[in-house]
């Protein structure tokens, strides 16, 4: 019991730090006050604080996922890992563009997902985790899930900004966000990279299922949801290229694809581990 608590301490600490940073960014970028509504660029100490929290979170994830008996995983670790990658991508992007106005939404979500392994500590051992092919398959899958998670968050931010602009309401939170066209370009860049990674994940699963998982591919609900999400994102990217889809239509397709993809793994693991009590 004591070992488990020690393993979960980095998750709890990272969750607290994410929460505090989320509050800080809300207070300094979104909270309305009497000061002029001007953008406040991200300060070096803020970027360093996010980087340090990411390092603590990564340490906790690595220690929890990889043990002497093998690789362990669960729906709670899946969400925690996805949000770690999402925050990492935003953190890296902040060196190139204004990302401070997006932090008050992504950091609290990261805090909520980071603490999940402490609330739902049930894990299961992953078979064939020692194979190089499986590690590459797993890495591609988690990067794809993380990019689509970030894309969904981005879609929420863009919807918020678009509505505010249509209402001609200039709030402090709106002035902190990047320009709408910049956000849209970043959204489709993430969607394209995520789609390529998802294609590699599904392709390797279909072609090398027996090598990766020790059994032939089965058309269960997880597989069907994954292919359904692939179809939604493929349609969105084709629609963008061929017919110039953007705005609310693009946002709706993004959210639909993400919801289906989330059901593919996280939903099935939640039902199996929490509701049915299987590991």
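The values are calculated or read from the model by the stated rules, or taken from the named source; none is laboratory data. It should be emphasised that the depicted structure is a prediction, and the values quoted were computed from it without experimental measurement. Note: ideal-geometry Cβ built from the backbone for every residue, glycine included; neighbour counts use all protein chains shown.
Values for this structure:
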read-out	value
Single match in 194, 159, 133 (criterion: touching a helix residue (DSSP H, G or I) at 6+ places or on another chain (Cβ under 8 Å), part of a helix (DSSP H, G or I) and at pLDDT below 75)	133
Residue 266 vs. criteria surrounded by fewer than 13 Cβ atoms within 10 Å (Cβ to Cβ), part of a helix (DSSP H, G or I) and at pLDDT below 90	no
Pick from the stretch 17-44, criterion assigned to a helix (DSSP H, G or I) and surrounded by fewer than 15 Cβ atoms within 10 Å (Cβ to Cβ), ranking: modelled with the highest pLDDT	20
Pairs where the first residue, in the stretch 227-250, is surrounded by 13 or more Cβ atoms within 10 Å (Cβ to Cβ) and the second is assigned to a loop (DSSP other than H, G, I, E, B), C-beta under 6 Å, 6+ apart	239/245
Residues within the stretch 97-122 that are part of a loop (DSSP other than H, G, I, E, B) and closer than 24 Å to residue 155 by Cα, tallied	3
Yes/no for residue 147 being at pLDDT 85 or above, crowded, with 19+ Cβ neighbours inside 10 Å and over 12 Å from the mean Cα position of the chain (by Cα)	no
Number of the exception - residue 52 against (1) part of a helix (DSSP H, G or I); (2) at pLDDT below 90; (3) more than 16 Å from the chain's Cα centre (by Cα)	(2)
